[in-house]
1. Considering every residue within segment 348-357, establish whether at least one is open to solvent by less than 50 Å² (accessible area, probe 1.4 Å), within 20 Å of the chain's Cα centre (by Cα) and at pLDDT below 95.
2. Being touching a helix residue (DSSP H, G or I) at 6+ places or on another chain (Cβ under 9 Å) and assigned to a loop (DSSP other than H, G, I, E, B) is the filter here; which residues of segment 45-60 pass it?
3. Give the residues of segment 110-126 that are surrounded by 15 or more Cβ atoms within 10 Å (Cβ to Cβ) and part of a loop (DSSP other than H, G, I, E, B), sorted by residue number.
4. State yes or no: is ARG483 under 20 Å from GLU410 (Cα atoms), at pLDDT 95 or above and within 12 Å of the ligand (Cβ to nearest atom)?
5. Yes or no: SER36 open to solvent by 50 Å² or more (accessible area, probe 1.4 Å) and hydroxyl-bearing (Ser, Thr, Tyr)?
6. Filter segment 486-509 for residues that are within 16 Å of the ligand (Cβ to nearest atom) and aliphatic (A, V, I, L, M); which is least open to solvent (accessible area, probe 1.4 Å)?
7. In segment 437-471, what count of residues is obtained for those that are within 16 Å of the ligand (Cβ to nearest atom) and free of Cβ contacts under 8 Å to residues at least 40 places away in the same chain?
8. Every residue in segment 255-311 that is acidic (Asp, Glu) and closer than 26 Å to GLU399 by Cβ, please.
Amino acid sequence: MIVVLNFGGQFAHLIARRVRDLGVKAEILHGDASLSEIQALNPKGIILSGSGHSVLENGPLPDKGIFELGVPVLGICYGLQLMAHMLGGEVKGGYVKEYGKENLDILKKDALFNTLESKEVVWFSHGDQATKLPTGFVKTASSKSCELSGFADEKRGFYGIQFHPEVTHTVHGTNILSNFVFDIVIAEKNWNMSDVSAGIISDLKEKIGTDHVVVGISGGVDSLVAATLLHQAIGDQLHAVFVDHGLLRKGEVESVSASLKSRGFTGLHVIDASQMFLANLKGVTDPEEKRKIIGHAFVEVFEKALGEELQKFPVKYLAQGTIYPDRIESAAVGKHADKIKSHHNLTLPEKMKLGVIEPLRDLYKDEVRRVGEGLGIPHDMVWRHPFPGPGLGIRIVGEVTEDRLKILREADAIYQEELKSAGEYEKIWQAFAALLPIKTVGVMGDARTYDYAIALRAVDSVDGMTADWHKIPTDLLERISSRIVNEVKGVNRVFFDITQKPPATIEYE
Ligand code: XMP
């Protein structure tokens, strides 16, 4: 197990994911976690993450005891600086901020660098620099604008690097992490999804025993995988409530239901509440108002259905599809981590006094997907792009009506289908169609049309916090556009969105 100490920002998650991809378990703790919290995880190695903070301005520091545990430590960016700051070196500010790709000269091919070239392309993002080596360290790398880009004390297994090996722009970043994990820490490969999945199932069996569990199905990947794991563990003791708010993508209610039923799961209750949602949304155009209405209606329908299950079965737990970043991000807020927007779709009704079960609480999204595939859920279903809780309700600008939903669902289905058949879908983080409530003039055959516009969104992102627009080949865009205007009645214009986030958001609301 590798412990990643998180000093802010989102670097820690990327590091932990890379380590797990190497087949080694990694957990994130707050940068200022107590020594006993760290020791409780029995780490074989520690990685200190980057951060937007500065050690010169009271940035968070780890417990000094981590340097006495006798385990290797790798400091990345801010992590290098705090090693310099705490172990007898020096850090100075006031440099021109170095941001982006840089050439790195490797001066010493130690255990961290020994599989690298003498010159490497790496990615920097920092303002401060270490200006004096900490006691017992030697310089191992430098760049044009950062003399101490790497240092090491091989005897103690302490390494610092000023650049980020966890981002893909650092060409051999994975080699560096792999060298640390396998050659320096000598960690065991003990993190693979089939063992993880078997472990989750046996833990669920043990924890739940003969009790009953209700799980909410949202139509998304996480709740489907959570329910499938639970069903594997406890069979008929599982009851699933799927609130169909009428705002899901084309065919989604059917395919998610079919996936569960195909495994012999009989406890699925699909509640068609689409008319109620539509009625509540009638005449509402304000985005926040729409979100509130959808959220409230959802809780109301779900609570009622849950209450009915509670009458029928001895239910003790409510299961949710919470995944690792949801949990760690919410916990980090208010500490040093920069505030991260979280999107919680459901909070447990307190009066119901149910225990909470979160089968996916330790997994990243791509791990959830691999577990799902391992359980036999079809590839296309587990690799679906992220989909917001309020669904198509925030992809129709202005009022949500049945007519507009139908148009959007059809246009979106064509978009998804074409992306998939061109092999583009899995290169994109999130792609969808949105309906713009403006009508413009067009011609169809001999007739004049006056119809809606569809906006196509496709973004590359890591976590949805920032995003770049994905460059879809123009011939594919052309095909999508002509299919949408030809096949979807009510649309005569298609736009492709080329804005980044920020300043735009991903969704349209
Ligand atoms: P924005 O539009 O804020 O979206 O740039 C960032 C990411 O968050 C997703 N999103 C949501 N997910 N419930 C969710 O589960 C929500 O209410 C919600 N709102 C936005 C969005 O799809 C994108 O991936």
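1. No, segment 348-357 contains no residue that is open to solvent by less than 50 Å² (accessible area, probe 1.4 Å), within 20 Å of the chain's Cα centre (by Cα) and at pLDDT below 95.
2. SER49, GLY50, SER51, GLY52, HIS53, SER54, GLY59, PRO60, listed by residue number.
3. Hits for segment 110-126 are ASP110, ALA111, LEU112, PHE113, LEU116.
4. Working: under 20 Å from GLU410 (Cα atoms): yes; at pLDDT 95 or above: yes; within 12 Å of the ligand (Cβ to nearest atom): no.
So ARG483 does not fit the description; no.
5. It is true that SER36 is open to solvent by 50 Å² or more (accessible area, probe 1.4 Å) and hydroxyl-bearing (Ser, Thr, Tyr).
6. Of all residues in segment 486-509, those within 16 Å of the ligand (Cβ to nearest atom) come to 497-509.
Next, only the ones that are aliphatic (A, V, I, L, M) stay: 498, 504, 506.
Working: ILE498: 102, ALA504: 28, ILE506: 12 Å².
The residue in question is ILE506.
7. First, the residues of segment 437-471 that are within 16 Å of the ligand (Cβ to nearest atom): 455-470.
If we keep only those that are free of Cβ contacts under 8 Å to residues at least 40 places away in the same chain too, we end up with 458, 460, 466-469.
Of the residues in segment 437-471, 6 are within 16 Å of the ligand (Cβ to nearest atom) and free of Cβ contacts under 8 Å to residues at least 40 places away in the same chain.
8. Here is the first cut: in segment 255-311, the residues acidic (Asp, Glu) are 272, 286, 288-289, 300, 303, 308-309.
Of everything in segment 255-311, those that are acidic (Asp, Glu) and closer than 26 Å to GLU399 by Cβ turn out to be ASP272, ASP286, GLU288, GLU289, GLU300.
The values are calculated or read from the model by the stated rules, or taken from the named source; none is laboratory data. Remember, predicted model here, so these are calculated numbers, not experimental data. Cβ coordinates were reconstructed from backbone atoms using ideal geometry, including for glycine residues, and neighbour counts include every protein chain displayed. Heavy atoms of the whole protein, side chains included, go into the accessibility calculation; ligands, DNA and RNA do not. Shrake-Rupley method; radii C 1.70, N 1.55, O 1.52, S 1.80 Å.
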